[in-house]
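Reviewing the structure listed below.
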Amino acid sequence: QVQLLESGGGSVQTGGSLRLSCALSGRTASTTSTGWFRQAPGKEREFVAGISRNIGRTYYADSVKGRFTISRDNDKNTSYLQMNSLKLEDTAVYYCAASYFWIRSRTDVNFWGQGTQVTVSS
């Protein structure tokens with residue numbers, strides 16, 4: 001089992017920045033990738049970004065490409081999501097995820113965090 005704990009959410013104005021952190025514990029060496037998803041009210045949970053554990057390969061949703069950066073510190077067992085140039089439509093609960101496989105969709109996820117709220121206001 002792998003446990004994930006997110007932190008760093010909060011409120012910010014449009015154009016601002018936030019950095020989310022996800023601390024992984026348990027059998028982290030068994031995971032191939034970690035990622036971030038988000039869910040806005042009334043919408044489905046959607047993929048935001050993913051990163052492979054070994055070589056740091058990254059992948060982003062088109063909606064965040066160029067604004068968000070995912071990274072991972074394996075020594076600290078922590079994944080990060082740096083969010084810049086935030087928009088109103090980025091408002092959502094953000095979830096950290098881990099998988100035995102490469103994360104590209106919800107069906108790839110084996111473990112979820114509890115979520116952290118990000119609110120962007122004008």
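The values are calculated or read from the model by the stated rules, or taken from the named source; none is laboratory data. What you are looking at is a predicted structure, and each value in this text was computed from that prediction instead of being measured. A quick note on method: Cβ atoms are made from the backbone with ideal geometry, for glycine too, and the neighbour counts reach across all protein chains shown. Areas reflect the complete protein model, heavy atoms only, side chains present, ligands, DNA and RNA absent. Shrake-Rupley method; radii C 1.70, N 1.55, O 1.52, S 1.80 Å.
Computed over protein heavy atoms with a 1.4 angstrom probe, the accessible surface ordering of Trp112, Trp102, largest first, is Trp112, Trp102. Normalised radius of gyration (Cα atoms, divided by 2.2 N^0.38 Å) for the chain: 0.97.
Remark: the chain carries a charge dipole of roughly 160 debye about the Cα centre, counting +1 on each Lys and Arg Cβ and -1 on each Asp and Glu Cβ. For the chain, the share of accessible area belonging to carbon and sulfur comes to 46 percent (1.4 Å probe, ligands and nucleic acids excluded).
Normalised by 2.2 N^0.38 Å, where N counts its residues, the alpha-carbon radius of gyration of the stretch 54-122 equals 1.17. For the stretch 1-88, the set of GluC sites (Glu not before Pro) satisfying both a DSSP loop assignment and a count of at most 10 other C-beta atoms within 10 Å is given as Glu44. Accessible area per residue for the chain is 51 Å², calculated with a 1.4 Å probe on protein heavy atoms, without ligands, DNA or RNA.
Projecting the Cα atoms of Asn77, Gly56, Phe37 onto the charge dipole of the chain (Cβ charges, centred on the Cα centre) puts Gly56 farthest toward the positive pole.
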